Amino acid sequence: QVQLVESGGGLVQTGGTLRLSCVVSGRTYSSFLAGWYRQAPEKGREFVASIKWSDGSTYYPDSMKGRFTISRDNARNTVYLQMSNLKPEDTAVYYCAERPLGSWEFDYWGQGTQVTVSS
C-alpha cells in the first residue's frame with residue numbers, strides 16, 4: 001500500500017515563503033517521478049512540478065518557473081516543494097503524487113495540504 005502524506009501547508013501573507021513536504025511509504029517500484037499538483041476553488045487541477053527520483057532532474061511548466069522549487073531527500077523518502085514570494089492566486093490545496101516510469105499517469109496521491117495566501 002503506497003501512502004503519501006503531505007504537510008507544511010498553512011496561512012501565509014503575500015510575499016511569504018512556505019515549504020511543503022511529502023513523505024512516501026510502501027513503494028513497490030524503484031523508478032518513478034514525484035510531483036506536485038494544486039487545485040484552487042473554481043479551478044481545475046494544475047501541474048506544479050515534477051522530479052525524477054533517480055537523478056533529481058526537475059521539470060516545471062512555464063507558469064511555475066521562478067518561485068517554486070521541487071527537491072527530494074532519498075534517504076527520507078521525502079519530496080519537497082519550496083514556495084517563495086507567494087501570491088493570493090497560489091491559494092489552493094496542494095497534492096503530491098508519484099508516477100512509476102512505466103505508467104502513463106500519476107497513480108498515487110496524497111490527501112493534500114491547504115495553502116492559503118492572504119491578500
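The values are calculated or read from the model by the stated rules, or taken from the named source; none is laboratory data. Note that this is a predicted model, so its numbers are computed, not measured. So basically every Cβ, Gly included, is an ideal-geometry build from the backbone, and we count neighbours across all protein chains shown. Only protein heavy atoms, including side chains, enter the accessible area calculation; ligands, DNA and RNA are left aside. Shrake-Rupley method; radii C 1.70, N 1.55, O 1.52, S 1.80 Å.
Laid out as a table, the results:
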| read-out | value |
| --- | --- |
| Computed over the chain: relative contact order in percent, which uses C-alpha pairs under 8 Å that are six or more apart | 36 percent |
| Assigned charges on the beta-carbon of Lys, Arg, Asp, Glu; the chain dipole about Cα centre (debye) | 200 debye |
| Among S84, Q1, L101 the positive-end extreme of the charge dipole of the chain (Cβ point charges) | S84 |
| Listed residues T69, S30, F47: farthest to the positive end of the dipole of the chain (Cβ charges) | T69 |
| Cα centroid separation - the range 26-61 against the range 78-99, whole Å | 10 Å |
| Relative contact order (percent, whole number), the range 66-119, Cα cutoff 8 Å, 6+ residue spacing | 31 percent |
| Carbon + sulfur, % of accessible area of the range 54-112 - ligands and nucleic acids excluded, 1.4 Å | 45 percent |
| Whole-number accessible area per residue in Å² for the chain, which is evaluated in the context of all protein chains at 1.4 Å | 54 Å² |
| Pairs of alpha carbons in the range 1-68 whose separation is greater than 13 Å (percent) | 74 percent |
| Cα gyration tensor category, rounded, prolate or oblate, for the range 65-116 with a/c compared to 1.5 | prolate |
